[in-house]
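Peer 1: Take a look at the following structure, please.
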Amino acid sequence: MTIEFAEMPDAEGYFGEYGGQVIPPELKAVMDDINVAYDEVRKTQAFQDELAELYTHYVGRPSPIFYARRLSEKIGGARIFLKREDLNHTGAHKINHCLGEALLAKHMGKKKVLAETGAGQHGVALATACALVGIPCEIHMGEVDIKKEHPNVTKMKILGCDLIPVSRGTKTLKDAVDSAFDEYLRDPVNFLYAIGSVVGPHPFPRMVRDFQSIVGKEARAQFWEREQQLPTVVTACVGGGSNAIGIFTEFLPDEEVRLIGVEPAGLGLDTPDHAATLTLGVKGAIHGFKCYNLQDEKGNPLAVYSIASGLDYPGVGPQHSYLKDHGRVTYETVDDKECLDAFITLSRTEGIIPALESAHAVAYAMRLGKGMSAAETILINLSGRGDKDADFVAEKLGL
Ligand SMILES: *Cc1c(COP(=O)(O)O)cnc(C)c1O
């Protein structure tokens, strides 16, 4: 089993039947260049040293593992541990792969890095990495989202990125993707499109996974040192799937460790308002790769929803699609209500305000942990902090 997973994806970027490059031939040539450059550069000591240095002294890695004693006691079952990605510089796991992508762009001599952003989390992480590495950054964002996400918009401006307001269509994430992509196609040889999760055409699902796998490498060693055993369960929320694959990868060969991804059920799986792609999706292509996705009868992506804007994507990483079919990872869902309850419970038992995205994983761990024994353990990837969500939750709950 170890070898089977380590060798993925294959040379064409496939994880079983998922992934690949569903893109025009001109773009395929550009993606293949990125793949070759990535393979060259990642084998050099200079690149590995530069990235390791930044992880340690800029991001603040290794992030600690924290035993959530009061939460565990309140649940009265398994002991629950948190991998504290919320403590990273910029407040989430996204900085891990944004730094990798920005460094790669610099090594490839790219003139500009660009991307879309919805709630602004990917935009801020990327603008941060580009400021540090010293490469121009352009972020496309829908006008509706610009109005909603004020703090992140301000941060991106301060960080010096070129923020492009998108006024076409619904003026939201979907239109920002189209706008950023149009700009990218003007000069794909000199620009790098920095994808924000383990999605998109090959080599992005592989590259972003590799950059995020530091999370699981640290976590497995830290957990072993602390407990002299491996966790019973490792769990993480799944939007595109980068923080989940980041913590899962190192545990894939440990067959005794149960790996569980948590998708947003939003207002309910029986309503249109969810983003449970692996749970209810069908096989298809989206944004240049094959995966499970939520689509209408014509094959167009559905308008998905989650209380956590970082989770509302109608596709999902190809490796997660493969791992679901394989059975090595199982995928569960948590709705908005259970997510909000976990958000408040973690805040009030541990003094840790989680991102609404991460609160999905906390909620699932609370549900699962109740039925487990104190000899068993659950390790949660706490992907980010909840500063960005505090006002929204306070208003929603009338605090
Ligand atoms: C963006 C984001 C996510 C979702 O992205 P993945 O690629 O699924 O990890 C999860 N948590 C936080 C805090 C985020 O900002």
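Peer 1: Going by the structure shown, is residue 116 out of contact with any Cys (no Cβ under 9 Å at 6 or more places or on another chain), charged (D, E, K, R) and closer than 23 Å to residue 34 by Cβ?
Peer 2: For residue 116, the condition - out of contact with any Cys (no Cβ under 9 Å at 6 or more places or on another chain), charged (D, E, K, R) and closer than 23 Å to residue 34 by Cβ - is met.
Peer 1: If we only count helices (runs of 4 or more DSSP H) wholly inside segment 197-252, which ones have 2 or more residues that are within 14 Å of the ligand (Cβ to nearest atom), of a type outside the set (A, V, I, L, M) and buried (at least 24 other Cβ atoms within 10 Å of the Cβ)?
Peer 2: Filter on segment 197-252 gives 204-212, 242-248.
Peer 1: Hey, among 215, 199, 233, which residue is farther than 22 Å from residue 342 by Cβ, in contact (Cβ under 8 Å) with a residue 40 or more places away in the chain and not small (Gly, Ala, Ser)?
Peer 2: Sole residue among the options that is farther than 22 Å from residue 342 by Cβ, in contact (Cβ under 8 Å) with a residue 40 or more places away in the chain and not small (Gly, Ala, Ser): 199.
Peer 1: Starting from segment 24-43, keep only residues that are more than 10 Å from residue 203 (Cα to Cα), then list their pairs with residues that are part of a helix (DSSP H, G or I) and of a type in the set (Val, Ile, Thr) whose Cβ atoms are within a distance under 7 Å, requiring at least 6 positions of separation or different chains.
Peer 2: none
Peer 1: Mind checking which residues of segment 351-390 are more than 23 Å from the chain's Cα centre (by Cα) and charged (D, E, K, R)?
Peer 2: Across segment 351-390, the qualifying residues are 370, 376.
Peer 1: Sticking with this one: Out of the strands (runs of 3 or more DSSP E) lying entirely within segment 284-399, which hold 2 or more residues that are among the aliphatic types (A, V, I, L, M) and either surrounded by fewer than 17 Cβ atoms within 10 Å (Cβ to Cβ) or at pLDDT 95 or above (or both)?
Peer 2: Ranges flagged: 329-335, 377-382.
Peer 1: Within the bounds of segment 67-74, is there any residue that is surrounded by 21 or more Cβ atoms within 10 Å (Cβ to Cβ), in the same structural domain as residue 376 (by TED's automatic domain parsing) and out of contact with any Ser or Thr (no Cβ under 6 Å at 6 or more places or on another chain)?
Peer 2: Yes, there is a match, as at least one residue in segment 67-74 is surrounded by 21 or more Cβ atoms within 10 Å (Cβ to Cβ), in the same structural domain as residue 376 (by TED's automatic domain parsing) and out of contact with any Ser or Thr (no Cβ under 6 Å at 6 or more places or on another chain).
Peer 1: Continuing with this model, one more query. Looking at residue 269, is it away from the ligand (no atom under 16 Å from the Cβ), at pLDDT 95 or above, touching a Lys or Arg at 6+ places or on another chain (Cβ under 8 Å) and not in a helix (DSSP H, G or I)?
Peer 2: So residue 269 fails the test.
Peer 1: Given (1) in contact with a Gly (Cβ under 9 Å, 6 or more places away or on another chain); (2) among the hydrophobic types (A, V, I, L, M, F, W, C); (3) away from the ligand (no atom under 16 Å from the Cβ), identify the lone condition not met by residue 397.
Peer 2: Just one mismatch for residue 397, condition (1).
Peer 1: Can I ask one more? Determine which member of the set 151, 136 is within 15 Å of the ligand (Cβ to nearest atom), over 17 Å from residue 289 (Cβ atoms) and more than 18 Å from the chain's Cα centre (by Cα).
Peer 2: So the residue among 151, 136 that is within 15 Å of the ligand (Cβ to nearest atom), over 17 Å from residue 289 (Cβ atoms) and more than 18 Å from the chain's Cα centre (by Cα) is 151.
Results for (1) under 26 Å from residue 246 (Cα atoms); (2) part of a helix (DSSP H, G or I), shown as yes or no for each residue.
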residue	(1), (2)
101	yes, yes
106	yes, yes
135	yes, no
156	yes, yes
160	no, no
171	no, no
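Peer 1: Something else about it: Tell me the residue from 51, 126 that is more than 14 Å from the ligand (Cβ to nearest atom) and in a helix (DSSP H, G or I), please.
Peer 2: Only one candidate passes the filter, namely 51.
The values are calculated or read from the model by the stated rules, or taken from the named source; none is laboratory data. Treat the numbers as computed from the prediction; the structure is a model and nothing was measured. When we count neighbours, we look across all protein chains shown, and the Cβ atoms used for this are built from the backbone with ideal geometry, even at glycine.
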